[in-house]
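A quick write-up on the structure given underneath.
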Amino acid sequence: MKTAEGKKPLLKEAYQFSVAPMLDCTDRHFRVLMRQITKQSLLYTEMIVAKALQYSKKSKLLDFNKVEHPIALQLGGDDPEILSEAAAIAESWGYDEINLNLGCPSPRVQSGNFGACLMAYPDQVAKCIEAMKSITSIPITIKHRIGIDNHEGEEFLLQFIDRMDAAGVDRFSIHARKALLQGLNPKQNRSIPPLQYETVAKIKKHRPKLKIELNGGLKTPDDCTNALKTFDGVMVGRAIYSNPLLWKQIDEIFFGDQEKKITASTVIKGIIPYAENHLRQNGRLWDICKHTLNLVHGVKGARKWRNELSRKGQQSNADLQILEKAARQLEDVGL
Ligand SMILES: Cc1cc2nc3c(=O)[nH]c(=O)nc-3n(C[C@H](O)[C@H](O)[C@H](O)COP(=O)(O)O)c2cc1C
């Protein structure tokens, strides 16, 4: 693959630049918005509890728009049978990958015995992986921390990763912090434990054949370019959700696509047909509108624009004209 200028692109596969799973953020509407910015990178869903697929309406939890490809479904769970059933359903629903959450430290998730606490039970996780692998043909990946509580250190992490590799994990997304399961809430667990990129780098050095993605604290495309010198891929969360347009050149910089003009107004205009369809299906405009608020930053009038969009977008009778006007206002000022 070569770029328009004949240069070899930095990245070849979607997973090498991914948008992290984030509950209440990376829902299907945000993912469609992200597709106005990047067609190439891998998008993750929010975590779906595998058990919920047994009793909730599957389409509500799993439906996505075809523009969201390539897309990975993140599952939470600790039961091999339930997870393998969920994995089979996910594959038949058209997902490109299944990712098991082994990094979430929230008390609710711990009480269900999944997320980060499972790092203390590698044999159990291995059974889950094996069960999912046996029933699917799409990649099964995991997202985890560098350790939890007193399960930490390079040796612990290597052993954990080796066990997962033996079970058949296709790729490792490593949030380069440990999680403290007692005493810190999920938000604190995303900032207080220090980032330890060097620990993840050592894993890559000791296991060069494994696909290791770095996650945690990557704030700019330059951070990612640097990380990609060491790691196979990068996964970015908060820095994308809080400022999606900072990443408007992802496809160009990392995947060698031709330059495209992407602005706040082109993004909003791009999602209008999708919003129209959502309203037709009795969805609320706000479901989509709320994700557009972070498109405009640091310019005169940004707060006023956001306040107006937020106020009008939340009204029960909010219609498409609100998004159309928001896009026009931005276009008029060259945004
Ligand atoms: C609001 C929010 C929700 C999150 N939800 C999930 C989730 O559902 N599954 C998961 O594996 N990680 C979740 N995370 C963690 C992120 O995927 C990511 O690992 C973390 O934010 C560190 O990456 P960052 O520094 O690039 O944001 C969440 C993070 C945030 C901020």
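For the reader, a short list of remarks on this structure follows.
- Over region 199-265 - Rg/Rh using Cα atoms and the Kirkwood inverse-distance radius: 1.04
- Computed [θ] at 222 nm, deg cm²/dmol, the chain (DSSP H ≥ 4; -39,500 (n - 2.57); rounded to nearest 500): -12000 deg cm²/dmol
- Dipole of the chain computed with +1 at Lys/Arg Cβ and -1 at Asp/Glu Cβ about the Cα centre; of SER316, LEU100, GLN258, farthest Cα towards the positive end is SER316.
- Lysine pair number, Cα distance threshold 19 Å (strictly under), region 264-332, separation 8 or more or different chains: 10
- Pairwise centroid distance, computed over Cα atoms, of region 119-173 with region 220-237, Å: 22
- When the chain is treated as a GNM with alpha-carbon contacts under 10 Å, the residue of LEU43, LEU33, LEU285 showing the greatest mean-square fluctuation is LEU285.
- Potential lengthening of the chain between SER111 and ARG238 amounts to 43.2 nm, from the contour at 0.36 nm per residue minus the alpha-carbon distance.
- Among 180-191, 129-140, the order from most to least packed when residues are scored by Cβ within 10 Å on average: 129-140, 180-191
- Cα long-axis angle, helix 122-135 against the chain (0 to 90 degrees, to the nearest 10): 60
- Hz values of 3J(HN,Hα) by residue in region 226-238 - Karplus curve (6.51, -1.76, 1.60), Gly and Pro given as x: 5, 4, 6, 6, 10, 10, 6, x, 10, 10, 10, x, 4
- Cα point-scatterer Debye curve for region 196-318, base-10 log of I(q)/I(0) at q = 0.15, 0.22, 0.23 Å⁻¹: -0.84, -1.23, -1.29
- The chain: equivalent-ellipsoid semi-axes (sqrt of 5 x gyration tensor eigenvalues, Cα, Å): 33, 23, 19
- Nearest-ten-degree value, helix 154-167 long axis tilted from longest Cα axis of the chain: 90
- Between region 48-93 and region 269-335, the alpha-carbon center distance in angstrom: 30
- Each label was represented as a point 7 Å from its Cα along the Cα-to-Cβ direction; for LEU158 and ASP332 these points are 6.3 nm apart.
- Our estimate of slack between GLN249 and SER191, defined as 0.36 nm per intervening residue step minus the Cα-Cα distance, is 18.2 nm.
- Within a Gaussian network of the chain (alpha carbon springs, distance under 10 Å), most fluctuating of VAL67, VAL125, VAL49: VAL67
- A compact globular protein would have a Cα radius of gyration near 2.2 N^0.38 Å; the ratio found for region 264-332 is 1.02.
- The residues neighbouring PHE156, those whose beta-carbon lies less than 13 Å from its own, together hold a net charge of -1 under the Lys/Arg +1, Asp/Glu -1 convention.
Throughout, read-outs are computed from the coordinates displayed, never taken from laboratory work. Since we're looking at a predicted model, the values are computed, not measured. No Cβ is skipped: glycine too gets one built from the backbone with ideal geometry, and neighbour counts run over all protein chains shown.
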